[in-house]
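The structure appears right after this line, and notes come after that.
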Amino acid sequence: MRRFFQSVGAQLSLALLLVVVIALGVVYLTVVPSLRERAINTRVADLTSIAANLRAQVRPQDPLTDEWVATASEENGGVRVVLLNRLAPSGLVVPYRDSGQLSPRLQGDPVATHALDSGSPQHGTVTDGETTYAEAAAPVLRGSYALLVRDPVELGSIRLVERRVLLAAGVALLIALLLGYGGARMFARRIRRLERAADRIANGRFDEPVVDTGGGELGALAAAFERMRVRLAHLDDARREFVANASHELRTPLFSLAGFLELLDDEELDEPTRREFLASMREQVDRLTKLASDLLDLSRLDSGRLTVAREPVDLGALAADLAEEFGPLAASSGHQLSVPGSGDTVFAEADELRVLQLGRILVENALLHTPPGTPVEVRTLVRDRYAVLEVEDAGGGIREDQRAQLFERFFRLDGTRASGSGLGLAIARQLAELMEGSIELDSRPGRTVFSLVLPRAATPSEPFSREEALSAGA
């Protein structure tokens, strides 16, 4: 039973029932007493008018006989007309003449007593048992007597209305309970569907869509669940693809190393071949080291545990360092690597080691993915309040349909896994965003430019705050 009352359906039904009860209670307390009071006031007003007319007919010299009292009652619709006086020495007001039968219940009648005491007409109600009487009294014969007009108030119609209101309230409560419980069950059924959908998503099942056609707040919640399901499904697919690609990238150099180790066990292997195998093994070890470093950076970026420093970085000097570092590789592949202007002095506010890492990624991509003899330039420039490091090559360019995927993990332009890990540009974009910068691409046949855009740092000759740099780029 306790579990039933804790359910949404039962709670909504009880809430609706409570609202209906309150509404009916307000109607009952407003309508029934108002009708009752109006009926009593109307009858009291009628009797007051009758009492005033009869008082005007009484003359001091005319005796008020039983016949006069009976005639007065008959002429006024059969209302009870009573003449009362005060007994001495007790002062009790008692009936003296009565159109009905003299009744001891009229002794001490409050309305007649008040009229004799005040010397002025009075009216009111008196309850005798379950009957309510309307009364009007006026002093007559120099205040020696009180003329009382009395009639029961007809409340039968009021009681009928009261019974019908109570009956309608009972029927309304029953209907409200049935409709409320039915509607609440439908509402609760939609909630349970969302609960089951949440359980499926929590258990990693993203194949079944979250559907709710009811609209309203629950419909909006179901739509939010569906967006979450789609997003988590994409993330799960990306995770699976990432694990598969990472496993492939790790397995390839490991298999290569294993093969070389087996070949090195051959005692008849000549020294030049041995040195060639060792050089290849070093390349594979370097490849594994770089892949492990890239995977570690991605893991830290995804978890938010990678932090960057904020310091002025001379992009001109960094461009010169990149040209010196990649000079031998460019010479061996026939590329023309140059730094126009010998690296103009441009300061960016960033992490120097991470900017150097980004520069290496961009220069290495330009050297590895362009034909031998292709010119490659590394230059720096100022763009408004930003410092920019550009790497430009004169290769064949990047197709427009490939540009959106270029910064995805493990993506290669040639669609193979022959060169690099496919993680460099993905890391570069996230690192640039972490330093409040960006990586921009401008490519067409014969010219491709990757731009690392970073907030410009203040220099002694041109001071400005980092906040100004950020606001200028907003």
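The values are calculated or read from the model by the stated rules, or taken from the named source; none is laboratory data. Just so you know, these numbers come straight off a predicted model, no measurement behind them. Here the Cβ is made from the backbone with ideal geometry for all residues, glycine too, and neighbour counts use every protein chain on show. For accessibility, only protein heavy atoms count, side chains too; no ligands or nucleic acids. Shrake-Rupley method; radii C 1.70, N 1.55, O 1.52, S 1.80 Å.
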So what is the 222 nm mean residue ellipticity for the chain from helices alone, if each DSSP H run of at least 4 adds -39500 (n - 2.57) and you divide by all residues, rounding to the nearest 500 deg cm²/dmol? -19500 deg cm²/dmol
Cα axis of helix 66-75 to longest principal axis of the chain: angle in degrees, 0 to 90, nearest 10? 40 degrees
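So if R0 is 45 Å, what FRET efficiency would Glu325 and Arg227 give, r being the distance between their Cβ atoms, rounded to the nearest 0.05? Don't skip to the end; give the middle numbers.
On the way: r = 46 Å, r/R0 = 1.01.
Once rounded, the FRET efficiency stands at 0.50.
Semi-axes of the chain's equivalent ellipsoid from the Cα gyration tensor, sqrt of 5 times each eigenvalue, largest first, rounded to whole Å? Before the final figure, lay out the partial values.
On the way: eigenvalues 2411, 173, 56 Å².
One finds semi-axes of 110, 29, 17 Å for the chain.
Under a Cβ-Cβ cut-off of 9 Å, what is the net charge of the residues other than Glu311 that fall near it, where Lys and Arg count +1 and Asp and Glu count -1?
Working: positive: Arg310; negative: Glu349, Asp351, Glu352.
Once all neighbours under 9 Å are counted, the net charge is -2.
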Positive-end residue of Leu250, Thr213, Val285, charge dipole of the stretch 209-288 with Cβ unit charges: Thr213
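Taking a probe of 1.4 Å, how large is the accessible area per residue of the chain, in Å²?
Working: 27070 Å² over 474 residues.
Spelled out: the 1.4 Å probe surface of the chain, per residue, equals 57 Å².
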For Ala323, net neighbour charge (Lys/Arg +1, Asp/Glu -1) across residues whose Cβ lies under 12 Å away: -2
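Going from the alpha-carbon gyration tensor of the stretch 94-229, what semi-axes, largest first and in whole Å, does one get by taking the root of 5 times each eigenvalue? List each step's numbers first, then the result.
On the way: eigenvalues 1176, 46, 20 Å².
Calculated on Cα positions only, the semi-axes equal 77, 15, 10 Å.
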Could you tell me which of rounded, prolate or oblate describes the stretch 253-355, using a ≥ b ≥ c as the square roots of the eigenvalues of the alpha-carbon gyration tensor, with rounded for a/c under 1.5 and, failing that, prolate when a/b is larger than b/c and oblate otherwise? oblate
Once both label points are put 7 Å beyond Cα along the C-beta direction, the Asp266-Leu368 separation in nm becomes 2.9 nm
Give the value in nm², to one decimal: projected area of the alpha carbon convex hull of the stretch 49-126, averaged over all directions. 5.5 nm²
Can you tell me the 0 to 90 degree angle between the C-alpha axis of helix 352-368 and the longest principal axis of the chain, rounded to 10? 60 degrees
Which value in Å does the Kirkwood hydrodynamic radius of the stretch 282-426 take, with 1/r averaged over all unlike C-alpha pairs and then inverted? 16.5 Å
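So, by mean Cβ neighbours within 10 angstrom, what's the order for 382-394, 152-164 with the highest one leading?
On the way: 382-394: 19.7, 152-164: 13.4.
Put in order of decreasing packing, that is 382-394, 152-164.
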For the stretch 105-217, what % of the accessible area comes from carbon and sulfur atoms, probe 1.4 Å? 54 percent
May I ask for the net charge around Leu454, where only other residues with Cβ less than 9 Å from the Cβ of Leu454 are counted and Lys, Arg are +1 while Asp, Glu are -1? -1
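Grab the Cα-Cα distance for Val26 and Gln402, subtract it from 0.36 nm times how many residues apart they are, and report the gain in nm with one decimal. Don't skip to the end; give the middle numbers.
Details: separation 376, 0.36 × 376 = 135.36 nm, distance 7.15 nm.
That pair, Val26 and Gln402, stretches by 128.2 nm at full extension.
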